[in-house]
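Written out below as structure tokens is the structure these notes cover.
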Amino acid sequence: MTDSDNATPLPETPRATTLSALSVQLAAALSDPDASDARWDLAEMIATSIPTTPAEAVVVVGLLTNADIGLEAGQTEVHLTAARSLEAGLRAMATAPEADAFGAAISAFDQAAERALALPLEPTPAMVDAAVAATGCTAAKARAGFAAMVEAFRREAA
């Protein structure tokens, strides 16, 4: 695989879906003083994985910014590979069609929002004024009606 803008060879993805698991394993290896080889093996596996979601991109960025083995500790070939993988993944995410994971997440949020409509416990003055203007009732009746509607909504949602 290559980057078409500069023909830089990009690493092949071994298992991009395991990036979060690799991140957990790397954290464990970093806390083990006897796991130096394992750290770099895990770092290389992360670096050669092209992220397909923003969460996976965060794992690759985390490798680059890690205080123990990131760029701060000294640039290595693993860091360059990780940067190329990150670039490839971000380019793919940026050019993905509208029906991507982000769109699916927004749709799921919209569906959940319909079921989780938040209402104030008490009507605002503007709400009371609008109810009085629309129905001709008193402000007290508008407030009582609102309280009854909120209670009915709570029972339906339960």
(message) over 15 Å from ARG91 (Cα atoms) and modelled with pLDDT of 85 or more: is that true of ARG15 in this structure?
(response) no
(message) Here's a check for you: in the stretch 29-67, which residue that is in a helix (DSSP H, G or I) and hydroxyl-bearing (Ser, Thr, Tyr) is farthest from GLU77 (Cα to Cα)?
(response) SER36
(request) Please work out which residue is modelled with the lowest pLDDT, limiting yourself to the stretch 75-101 and to residues that are of a type in the set (Gly, Ala, Ser) and not in a helix (DSSP H, G or I). (result) ALA99
(request) Could you grab me the full set of residues in the stretch 37-63 that are under 20 Å from the mean Cα position of the chain (by Cα) and surrounded by fewer than 20 Cβ atoms within 10 Å (Cβ to Cβ)? (result) THR52, THR53, PRO54, ALA55, ALA57, VAL58, VAL61, GLY62
(message) Give me the residue from the stretch 102-139 that is among the small types (Gly, Ala, Ser) and surrounded by fewer than 10 Cβ atoms within 10 Å (Cβ to Cβ) and, out of that set, modelled with the lowest pLDDT.
(response) ALA116
(request) Assess whether GLU72 counts as being among the charged types (D, E, K, R) and at pLDDT below 80. (result) yes
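The values are calculated or read from the model by the stated rules, or taken from the named source; none is laboratory data. Just so it is clear, the structure is predicted and the values come from calculations on it, not from any experiment. Positions of Cβ are generated from backbone atoms using ideal geometry, with glycine treated the same way; all protein chains shown enter the neighbour counts.
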